[in-house]
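To start, the structure itself, in structure tokens.
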Amino acid sequence: MNGVFEPLVAQSALEDPHERVCADLSLPFEIIAMHASDQPCELSPSGQTQAASVDEKWSLGGDFRQIPSLPVNTSEVFGSSTHDPNDLYSYKPAILTPQGARDLSGDLLREDGNYVEPLDGTQNGPWITFLGRQVSSSSTGDHQEDNVFAPWTIYSWNQNEQRLRTVMTWSDLPAHSPRSAGELPPVSDGIHAFYGAKASTDHGDFSLIVTQGLDDSTRSDKPKILLFGAYPAVSDQGISVVATTKDSPLPSRVATLSGTDFSKVTTHFDLKSQDYRISGLYAAGDHHAVLVTPSRTSSTASSYLGIWNDRTTDYPTQWIMVDSRTPWVSIGEEAIVWGAGSQANNAQMYLRPWETGTIARLGETPGYSRPVVAARGHTVMLPRVNSQGGIQWSIGEFTAE
């Protein structure tokens, strides 16, 4: 790329898949895999009627003083808090509990004198890795535009050390301005943090997988660019990504990088479609999921969530139709949950424990259908609309039935 970016993994390391799979399901897109298996593919419609069994432990929110992001266990939730919800520049990263909020930083997160708002994160062992978005007086007032161009910072919190670190920032990349619309939170393997960033340069716009060490012993001077792609997800296999192929500007090929230097590349499958695109990749343990949504030019209203277990196959063998163009997905070692996202219609939320494979309903929250499952254990966090119209969250334990 004329010296602008030097990825560690070249696009030539990605193999071209050659076998079409799940053809019997009549999906509105093609999945081309490296190796077809004898395991049949299944398509599950939305609209399950069985209710999930969830034992609620406590609730929080409703007045915007506490913004939860990720349940750690039944008594702790990672998120942000403030004493004045009218001050948008006052939120601090925090551990939220039934007894109140414990701030992780004594000072507001700042970069170059501008306030950095703490946003969503993920957990791996003692590490909680989360995204920060810079907010300043130069914001346009257009929420969507600010989301695209606001500079980002990746932070990590180590529960054992009770220490907050700045891992990497947008300014460490060789790019003129950051572009980060549609990203997922950063992830970690307990040694490195990974983020799907977007950069705009004189040579064009690029989706990049960037990485940096979490601890001082693994940190380099600058973040490393792994490859052109998006949506990093950590599994037992390594770091899975949606890579950008040579003949397409969109990330469309699912691969896994492994080894201490990420030099081993395993290609899984490719999405072929004019009307659909991959818009999310998720992993926990040996479980994986991929989200396929309609393109902006498509009038289709449904998306598809593909699930697989790397012990039996390396491409999705169960597909779940979701009645939303912009679904929300959360994954853990015990289950996967999803909802319609911010749309008001078909706002049901669902749970699928890995142990049983049974899909059950978690209720519905029009306008904020975003359930979240803990990285480990059976803790799930569900949004509800309270009597004042605010979002209140319930934290409980689900039973795999």
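Taken together, the residues in region 164-188 that are within 11 Å of residue 212 (Cα to Cα), open to solvent by 40 Å² or more (accessible area, probe 1.4 Å) and at pLDDT 90 or above amount to 1.
Out of the strands (runs of 3 or more DSSP E) lying entirely within region 60-121, which hold 1 or more residues that are among the β-branched types (Val, Ile, Thr)?
66-73, 76-81, 92-97
Touching a residue at least 12 places away in the same chain (Cβ under 8 Å), within 20 Å of residue 72 (Cβ to Cβ) and open to solvent by 30 Å² or more (accessible area, probe 1.4 Å): does that describe residue 391? The answer is yes for residue 391. Per the conditions (1) touching a strand residue (DSSP E or B) at 6+ places or on another chain (Cβ under 7 Å); (2) farther than 24 Å from residue 306 by Cα; (3) among the aromatic types (Phe, Trp, Tyr), the sole criterion not satisfied by residue 64 is (1). Among the residues in region 16-39, are any small (Gly, Ala, Ser), in a loop (DSSP other than H, G, I, E, B), touching a Phe, Trp or Tyr at 6+ places or on another chain (Cβ under 9 Å) and surrounded by 12 or more Cβ atoms within 10 Å (Cβ to Cβ)? Looking through region 16-39, at least one residue is small (Gly, Ala, Ser), in a loop (DSSP other than H, G, I, E, B), touching a Phe, Trp or Tyr at 6+ places or on another chain (Cβ under 9 Å) and surrounded by 12 or more Cβ atoms within 10 Å (Cβ to Cβ). Scanning region 189-214 for residues that are open to solvent by 10 Å² or more (accessible area, probe 1.4 Å) and within 23 Å of residue 245 (Cα to Cα) yields a total of 10.
Checked against the criterion of being at pLDDT 95 or above and more than 17 Å from the chain's Cα centre (by Cα), the candidates 391, 307, 331, 320 yield just one match: 320.
Does region 255-285 hold any residues that are acidic (Asp, Glu) and surrounded by 22 or more Cβ atoms within 10 Å (Cβ to Cβ), and which are they?
Passing the criteria: only 270.
Wholly within region 177-228, which strands (runs of 3 or more DSSP E) include no fewer than the required count, namely at least 2 residues that are out of contact with any helix residue (DSSP H, G or I) (no Cβ under 9 Å at 6 or more places or on another chain)? By residue number, 192-201, 204-213. With respect to residue 112, determine if the residue is within 14 Å of residue 165 (Cα to Cα) and surrounded by fewer than 16 Cβ atoms within 10 Å (Cβ to Cβ). In short, no. Among residues of region 314-336 that are in a strand (DSSP E or B), those with a beta-carbon under 7 Å from a residue that is among the hydroxyl-bearing types (Ser, Thr, Tyr) and open to solvent by less than 10 Å² (accessible area, probe 1.4 Å) at least six positions away or on a different chain give the pairs 322/303; 328/369.
The values are calculated or read from the model by the stated rules, or taken from the named source; none is laboratory data. Worth saying up front: this structure is predicted, and the values here are computed from it rather than measured. Every residue, glycine as well, gets a Cβ built from its backbone with ideal geometry; the counts of neighbours run over all protein chains shown. Just the protein is used for accessible areas: all its heavy atoms, side chains included, with ligands, DNA and RNA removed. Shrake-Rupley method; radii C 1.70, N 1.55, O 1.52, S 1.80 Å.
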